1. Enumerate the pairs (first residue in region 24-41 and farther than 19 Å from residue 74 by Cβ and of a type in the set (A, V, I, L, M, F, W, C); second residue anywhere and in a helix (DSSP H, G or I) and open to solvent by 30 Å² or more (accessible area, probe 1.4 Å)) with beta-carbon separation below 8 Å, excluding pairs fewer than 6 apart on the same chain, so at least 6 apart or on different chains.
2. Among the listed residues 192, 87, 160, identify the single one that is open to solvent by less than 10 Å² (accessible area, probe 1.4 Å) and over 23 Å from residue 72 (Cα atoms).
3. Only one of (1) of a type outside the set (Asp, Glu); (2) under 17 Å from the mean Cα position of the chain (by Cα); (3) more than 28 Å from residue 122 (Cα to Cα) fails for residue 7. Which number is that?
4. So is residue 34 on the phi < 0 side of the Ramachandran plot and touching a Cys at 6+ places or on another chain (Cβ under 9 Å) or not?
5. With the structure loaded, tell me whether residue 17 is of a type in the set (A, V, I, L, M, F, W, C), open to solvent by 30 Å² or more (accessible area, probe 1.4 Å) and touching a residue at least 40 places away in the same chain (Cβ under 8 Å) or whether it fails that test.
6. Out of everything in region 69-106 that is charged (D, E, K, R) and assigned to a helix (DSSP H, G or I), what residue ends up being farthest from residue 156 (Cα to Cα)?
7. Can you tell me which residue is nearest to residue 69 (Cα to Cα) among those in region 161-188 that are in a helix (DSSP H, G or I), over 16 Å from the mean Cα position of the chain (by Cα) and not acidic (Asp, Glu)?
8. Residue check, residue 148 against (1) surrounded by 13 or more Cβ atoms within 10 Å (Cβ to Cβ); (2) within 17 Å of the chain's Cα centre (by Cα); (3) in a helix (DSSP H, G or I), all met but one. Which one?
Amino acid sequence: MVNKYSAGSVKYLLWFVETKETVRLCQEHNMSEVREIVIRGNVYQQRAESRIISEFGCIRRRIENTPEDVMNQILTADVSTAKIIALISAMESDRMLFELVYELYGEKLRLGEEEITDADMNIFFDRKIDQDSTVAAWTETTIKKLKSTYIRFLIEAGILKKDEDDRKKIVRPFIDDDLRKALKDNDMANFLYAFTGER
C-alpha cells in the first residue's frame, strides 16, 4: 500500500467495470499493449482521449499495487465480491481511503452501528488533519470533495447504501473463502478486517 496521503482521488471513480475489463485484457497482453487497446478502442467509453489516459493510469496503478492472486479473482468472483476487490485495489493505492474503510467503516461494523453520518466523516478527517501536515494543507473544498468521493466509492462497492431519508446505511458484505485466504496469504489481513469488523 502507498505510504503517503494524496488527494488525487477527488477526480477518480471506483471504475469497477473498467477495472475488471482491464484485468481481463492483462491475461493476454502486457500492460503497454493493454494501454494501446484501451485508448485505440475507447474501452472505457470516454469522450476525450485525455480522460481515457488519466483513467487508465489510475486503474493501472491500482492493479499493479494489488497482489495478482487477489486482483485476478475479480474475473471469477460473484459481482458483489468483485466490487469489493475493485475497492480493495483502490484502497491499495490510496492510504486515506484504506484508513477510512478500516478505521471508520470497520469500527462501525465492530460496534454494530447501522450508518455513517456526516459527523462521522467530519471527525475522521479532523483527526487526520491533526495528525498529518500533508492533510492539514488540503483546502476545505478538497476535503469536501474527498468525503463525497469516498462515500460514492463505498456505495458503488455495495457496502453502503442511501435510504429514502438520504442516510448512509451500512451493508455488511460477505467475503468468500477464496478472497479471505488470498488476503491473508498476502499479509493483507487488515483489508479483510476492514470489511468484517474482525481484529
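The values are calculated or read from the model by the stated rules, or taken from the named source; none is laboratory data. This one's a predicted model, so the numbers in the text were calculated from it and none came from an experiment. Heads up, the Cβs are rebuilt from the backbone with ideal geometry, glycines too, and the neighbour counts pull from every protein chain shown. Note: areas computed on protein heavy atoms with side chains; ligands, DNA, RNA excluded. Shrake-Rupley method; radii C 1.70, N 1.55, O 1.52, S 1.80 Å.
1. Short answer, once both residue conditions are applied: 39/49; 39/53.
2. One residue alone meets the criteria, 160.
3. Of everything listed in (1) of a type outside the set (Asp, Glu); (2) under 17 Å from the mean Cα position of the chain (by Cα); (3) more than 28 Å from residue 122 (Cα to Cα), residue 7 misses just condition (3).
4. yes
5. For residue 17, the condition - of a type in the set (A, V, I, L, M, F, W, C), open to solvent by 30 Å² or more (accessible area, probe 1.4 Å) and touching a residue at least 40 places away in the same chain (Cβ under 8 Å) - is not met.
6. Applying the filter and picking the extreme gives 69.
7. Per the criteria, the residue is 182.
8. (1)
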